[in-house]
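A quick write-up on the structure given underneath.
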Amino acid sequence: MEEMFYWFWMASLEQIPAGKRIKIAMRLKLRLEELYNNISELENILKDEGLTEKQTASLKDEKLKEEIKRKYERMIYTDIKMYRFIDKEYPEKLLQIHNPPFALFVKGNLPNDEKKTIGVVGSRACSEYGKAVATQMSYELSLENFQIISGLAIGIDTAGHNGAIMAKKPTFAVVGNGVNLCYPIQNQRVYDQILEHNGGIISEYTIDTKALSYHFPDRNRIISGLSDAILVIEAAERGGILITANDAVEQIRIVMAVPGRANDVNSQGTNLLIKKGAVLVQNSADVIGEFYNINQSYYRLNRTSENFMLVSEEKIVYDSLDLQPRHIEEIVQRTGLEYVKCLEIINKLINKNAAMENLKNFYSKRLGSNQ
Amino acid sequence: MRETKGNMFGKVLSSELVGIEAVTVVVEADTRSGLPNFSMVGDLSNKVREAKERVMVALENEGIVLPPVKITINLSPGDVRKEGTSFDLPIAVAVLVSLRYIEQSKVDNCFIVGELSLNGLINPVSGVLSMVDHYLSQGIRQVIVPTENYEEACIFDEMQVLPVSSLKEVIELLKKSFTERKLIADEMRKSKCIISKDENKNDAESKNDFKYVSGQKIAKRAMEIAAAGMHHILMVGPPGGGKSMLAKCLPSIMPPLSFEEKVEITKIYSVSNRLKNHLGLMEQRPFQAPHHTASQIAMTGGGSKAQPGIISLSHLGILFLDELPEFKRDTIEVLRQPLEERVISVNRLNKSVIYPCSFLLCVAMNPCKCGFYPDRNKCKCTEIQVQQYKGKISKPFMDRIDMSIEVFPVGYESIYKKTEEETSEDIRKRVIKAREIQNKRFRDEKFKYNSQIPSSAIDKYCHLSETQVAMMKKEYVKHDMSVRAYHKVLKVARTIADIEGSEDIKETHLLEAIGYRI
């Protein structure tokens, strides 16, 4: 059996924490074959590392070994690559965190180490506004050669990936399941598009592993680990996002947060982060400025901002719009215009790139639109 | 062959319902000497068979003692299943005729329906209107009905209706000649009709009127369009938005019913025995709002008597399904075919009946389980849950709905604004105008409304200019429409143009129609 298989076997043993697996591998001088074949001779090392009986048993489990072998044989016929922590392709950044994954499975590519990477994270039950911000910022950052990394979850994650896809740039998804599976299933299209644009699906779990709830906190440490900064777009006061932000701080990553309205549920988390010292960012220029210290106003002027001219009634309608989507009925009420007239003008605004339809009959100002 | 002596024969016209139409049933009675017996034949259900006991007791209670003879009753034609209790009275009369209490010639030009009670009083029956309609076409001009069914039987002016409340009255009447009875009927109609005509008018009309709905401009506009082009409509919105209120007002802006339509509706209600409170002709468009626990059978019709279901009871009116996702999937899916065909055929063991069910479908639902999406401060549903909630309604069913609007609770300002709201009557005028345009346009076609334009005729009736085609191409891509969705937008735009009185579809009409897409 080739050497890689023994690594695959070790990588499959989820019961043993990644850190312990790495330590054991180091003590064995990377000769995992010995552990696989003569485990009884090495039991004192295992005891030394403080493995529980259950964990030791999983190392001995012959049935499990058979299963993993079949899985391995299946994997080598796919395009999924395995990077061990000792490989040179294994991201440098991950080795710096206190609990690096034992191995990474990758479908597609790993992020380019030379480029700046932004982890876009946020609530799954996000607002349309949050989605729009995530898409817009990811889009602009991608165009500026930043890499967007996120978790392929619904909500902000998907919006982040979509922004990068719109810019036709690689984007990377770290998932809590086997990389050959798409979870959640309705994101299959995003999954395909990530691969189409030379991005990658990354996971520390072997193929066919199901997405289990306890995988996700571990997944989040990889997202922040792979990033130079994490960008929190919308987050509730309690939940996984703030834990991820804490991880990021521990990993010495920059934490950035987009502020929200004071009493929105989804801005409690982000505003709290800002209160605690996260970098307040309002647009992609702020993010870029954090890295390159460019004169921001200069940068903003040079961006291809879509300027537009509005005539009187258009201005009334434009002013009645908000960044949070509003229903047409509300716009009609605010402007006092006829319903049909209102529709006509909004359509003009959309054509001028000044407004957008977030949901059916819900309109908002287009982000970054300057009058 | 030996000539039988002493046998006597009586024959009375009556009627049986098949669906909402009636067929002739001749009740024959034969009495002859022999072992005393009372037997009934002619494909009878148990309910009809029980008539024997009621007839015998009722006759004796009227003081008519049946002689010890062999009585045979036949309900012809023998191959139509007889149900219901309307045969009691004709059987009793036929027996009396055969016993020479009443002359045969007196009952020849008259048909009789009614249920007997043991003391000789007469109870109402269902489906009288259909029977009257049937016999008028057969040239019969006189009918004896239970008093409770009088109003209903009077709907057609040509019929001479004789209401009766006891067996005694029937016997009295049948001793009179045909012309004498005609005079009685005419007299009675004169005195009764005056009262009943205006009693019926101001029923539900006053309560549900769009003038009592404050704000909701767009929703009202959408309702107007739906009524004008008979577009099935979906309302989505949080609880308390006024969806039910809007739906209830929908009948008030539909064009008034024609006499033929009223008769058709009344027939359905009469057959299903729901006319008691209305008595005469139904003046109002039906509005049916079944609870979401309704079963498939309740919806389509059926049961042992193959009764009309809710969809037939909403014929020419509105079927309103509130909380659509809460309905059982079967109950909703079963509507798909009737929505296309506008008739439903109910098949039972011994019957197959076709009921009409051409209705305007109006459905309401919340956008998600909690009802507040996309207001993220109130809605905690995940996107998957929102999708799942929507997914409870199948795509094929959604495809049959033409328009969709969002309905939100109105702000305080619109409750207290002093502006006068438009009345239903004003809206109705525009609807009628739009209907007239459609009638004129589609006079040579098989369909009547814009919503029914088949895809082959879309180009003919919803013609777009070149600039409009360019615009729609953009919208088609932007909203990821299907061909069916695109056609629906065009049809709705056609209706909007009709309401505005515009010959051609304009850009604004298209824009508005896009706003109503599903």
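Residues considered: A:223, A:156. Of these, the only one that is closer than 19 Å to residue A:102 by Cβ and of a type in the set (Val, Ile, Thr) is A:223. All conditions in (1) at pLDDT 90 or above; (2) surrounded by 12 or more Cβ atoms within 10 Å (Cβ to Cβ) hold for residue A:42, with the sole exception of (1).
Could we say that residue B:363 is surrounded by 20 or more Cβ atoms within 10 Å (Cβ to Cβ) and at pLDDT 90 or above here? Outline the logic, then answer.
Numbers: surrounded by 20 or more Cβ atoms within 10 Å (Cβ to Cβ): yes; at pLDDT 90 or above: yes.
The answer is yes for residue B:363.
Candidates in region A:329-343 are the residues that are outside any helix (DSSP H, G or I) and over 16 Å from residue B:222 (Cβ atoms); of these, the one that is most open to solvent (accessible area, probe 1.4 Å) is A:336.
From the list B:451, B:465, B:502, the lone residue that is at pLDDT below 95, of a type in the set (Gly, Ala, Ser) and open to solvent by 30 Å² or more (accessible area, probe 1.4 Å) is B:465. Restricting the first member to region A:243-271 and to residues that are free of Cβ contacts under 8 Å to residues at least 24 places away in the same chain and within 11 Å of chain B (Cβ to nearest Cβ), and the second to residues that are surrounded by fewer than 18 Cβ atoms within 10 Å (Cβ to Cβ) and in a loop (DSSP other than H, G, I, E, B), the beta-carbon pairs closer than 9 Å and six or more apart or on different chains are A:263/B:377.
Within the span defined as region B:11-27, one or more residues are among the small types (Gly, Ala, Ser), more than 24 Å from residue B:168 (Cα to Cα) and either touching a helix residue (DSSP H, G or I) at 6+ places or on another chain (Cβ under 9 Å) or open to solvent by 10 Å² or more (accessible area, probe 1.4 Å) (or both). Evaluated against (1) hydrophobic (A, V, I, L, M, F, W, C); (2) under 23 Å from residue A:218 (Cβ atoms); (3) not in a helix (DSSP H, G or I), residue A:57 falls short on exactly one condition, (3).
Just one of (1) over 30 Å from residue A:2 (Cα atoms); (2) in a loop (DSSP other than H, G, I, E, B) fails for residue A:100. It is (1). Pairs are defined by a Cβ separation below 9 Å, a sequence spacing of at least 6 or placement on different chains, a first member in region A:314-335 that is at positive phi, and a second member that is of a type in the set (Ser, Thr, Tyr); no pair meets this definition. Just to be sure, is residue A:181 open to solvent by less than 10 Å² (accessible area, probe 1.4 Å) and farther than 28 Å from residue A:263 by Cβ? So residue A:181 fails the test. Only a single criterion out of (1) part of a strand (DSSP E or B); (2) of a type outside the set (Lys, Arg); (3) more than 20 Å from residue B:143 (Cα to Cα); (4) in contact (Cβ under 8 Å) with a residue 40 or more places away in the chain is not satisfied by residue B:38, namely (4). For region A:149-166, a tally of residues being away from chain B (no Cβ under 14 Å) and either part of a helix (DSSP H, G or I) or surrounded by fewer than 24 Cβ atoms within 10 Å (Cβ to Cβ) (or both) returns 6.
For region B:106-133, name all the residues that are in a helix (DSSP H, G or I) and either among the acidic types (Asp, Glu) or open to solvent by less than 30 Å² (accessible area, probe 1.4 Å) (or both).
Of region B:106-133, the ones in a helix (DSSP H, G or I) are B:106-107, B:128-133.
Across region B:106-133, the qualifying residues are B:107, B:128, B:129, B:130, B:131, B:132, B:133.
Taken as a whole, region A:127-144 holds at least one residue that is within 14 Å of another protein chain (Cβ to nearest Cβ) and not in a helix (DSSP H, G or I). Here region B:389-433 is the region considered, the condition is being farther than 27 Å from residue A:360 by Cα and not charged (D, E, K, R), and the residue that is least open to solvent (accessible area, probe 1.4 Å) is B:424.
In region B:375-425, the qualifying residues are those that are closer than 28 Å to residue A:124 by Cβ, assigned to a loop (DSSP other than H, G, I, E, B) and among the hydroxyl-bearing types (Ser, Thr, Tyr), and the one that is farthest from the other protein chains (Cβ to nearest Cβ) is B:394. Can you tell me which residue within region A:184-208, out of those that are open to solvent by less than 20 Å² (accessible area, probe 1.4 Å) and without any contact (Cβ under 8 Å) to a residue 40 or more places away in the chain, is nearest to the other protein chains (Cβ to nearest Cβ)? Among those that are open to solvent by less than 20 Å² (accessible area, probe 1.4 Å) and without any contact (Cβ under 8 Å) to a residue 40 or more places away in the chain, it is A:184.
The values are calculated or read from the model by the stated rules, or taken from the named source; none is laboratory data. Note that the structure is predicted; figures quoted are calculated from it, not measured. Note: ideal-geometry Cβ built from the backbone for every residue, glycine included; neighbour counts use all protein chains shown. These accessible areas exclude ligands, DNA and RNA; they are computed on the full protein's heavy atoms, side chains included. Shrake-Rupley method; radii C 1.70, N 1.55, O 1.52, S 1.80 Å.
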